[in-house]
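In what follows, a single structure is set out as structure tokens and then discussed.
The values are calculated or read from the model by the stated rules, or taken from the named source; none is laboratory data. Given the structure is predicted, the values throughout are model-derived calculations rather than measurements. All Cβ positions, even for glycine, are placed from backbone atoms using ideal geometry, and neighbour counts span all protein chains on display. To get the accessible areas, we keep the full protein, side chains included, count just its heavy atoms, and leave off ligands, DNA and RNA. Shrake-Rupley method; radii C 1.70, N 1.55, O 1.52, S 1.80 Å.
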Amino acid sequence: MRIRAEQIKKEFYRKSRGSNIFDAVSTCDFAMDEGTLTVIKGRSGGGKSTLINMLSGILVPTEGKVLYGDIDIYKMNDRELSCYRNSHIGYVPQGKSAIASLTVMENIMLPGILYGFRNEIEAVRLMDKFGISHLRDAMPEELSGGELRRMAIARALIKKPDVLFADEPTGDLDDENTTTVFEILREVADNGTAVLVVTHESDASKYADKVFRMDAGELSEE
């Protein structure tokens, strides 16, 4: 499936001297295909997270549209979009995103459980693949940063999404775990998923098929 954004932008209103309209993301086009890993680099505050949130169905653009194949996702109502996201989109957010009261296994299965779908076989497969099967009954507080991130990626993949978004997935990891996470994301793309990573890691480019840079809301291809 091809994911593309056509002439999207995002404005925010804030109190300030002069104009009170702030362009978090200036008007841009963007596209990504299945089986590819795309990286967007840039400093904090440059608009990367705002862009990825628009592309993933979380944040409605001020202008433009986001298409998954021929489907304009922002023409759906909230319920339809939530169901579509759960079925087709995986998302790895910044920082720690585990539910503290759930085990590793329960955290990974959560996207399915919310819709009455328990796929323990797939959860076990993902834990084995990412080297955390021995932690299935552990609580998040017992995990290292790298283990938590692998769990978050497994949770994002439990419904076998068409596209995976990862927002600063290595922001708080050491070099070894950073390499592990990017190798996992590269493998996910090689297996047919469209993967988009927002990061400040300079080494991310070597894992990518396409690299973009975002500064002050402006997107450009490197």
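Residues whose amide H lies under 5 Å from that of GLU218, counting only those 5 or more places away or on a different chain, are SER26; hydrogens are built 1.01 Å from N in the peptide plane. Taking amide hydrogens as placed 1.01 Å from N in the peptide plane, the amide H of LYS65 sits under 5 Å from those of GLU6, ILE8, each at least 5 positions away in sequence or on another chain.
Using just the helices of the chain, give the 222 nm mean residue ellipticity in deg cm²/dmol: DSSP H runs with n ≥ 4 each add -39,500 (n - 2.57), and the total is spread over all residues, rounded to 500. Working shown, then result.
Working: 6 runs with 68 residues, N = 222.
Computed ellipticity for the chain at 222 nm equals -9500 deg cm²/dmol.
Grouping the Cα pair distances of region 99-156 into 10 Å bins from zero gives a pair-distance distribution of 27, 61, 12 percent in increasing distance order.
Expressed in units of 2.2 N^0.38 Å, where N is the residue count, the Cα radius of gyration of region 61-191 is 1.09.
Restricting attention to the chain, lysine pairs at least eight places apart or on different chains and with alpha-carbon atoms under 22 angstrom apart total 23.
The trypsin sites (Lys or Arg not before Pro) found in region 8-64 that occupy coil by DSSP, while having at most 13 further C-beta atoms within 10 Å, are ARG14, LYS15, ARG17, ARG43.
How much of the accessible area of region 69-166, probe 1.4 Å, is carbon plus sulfur, in whole percent?
Using a 1.4 Å probe with all protein chains present, region 69-166 comes out at 50 percent carbon and sulfur.
Springs between Cα atoms under 10 Å define the GNM used for the chain, and in it the highest mean-square fluctuation of GLU122, GLU176, GLU34 occurs at GLU176. Per the Cα gyration tensor, region 169-215 maps to an equivalent ellipsoid with semi-axes of 16, 15, 8 Å, ordered largest to smallest.
Among DSSP bridges having both ends in the chain, what percentage is antiparallel? Round to the nearest 5.
Working: 19 of 37 bridges.
About 50 percent, rounded to the nearest 5.
A 1.4 Å probe run over the chain, with the rest of the protein chains in place, finds 49 Å² accessible per residue.
Taking all protein chains together and rolling a 1.4 Å probe, HIS200 ends up with roughly 100 Å² accessible.
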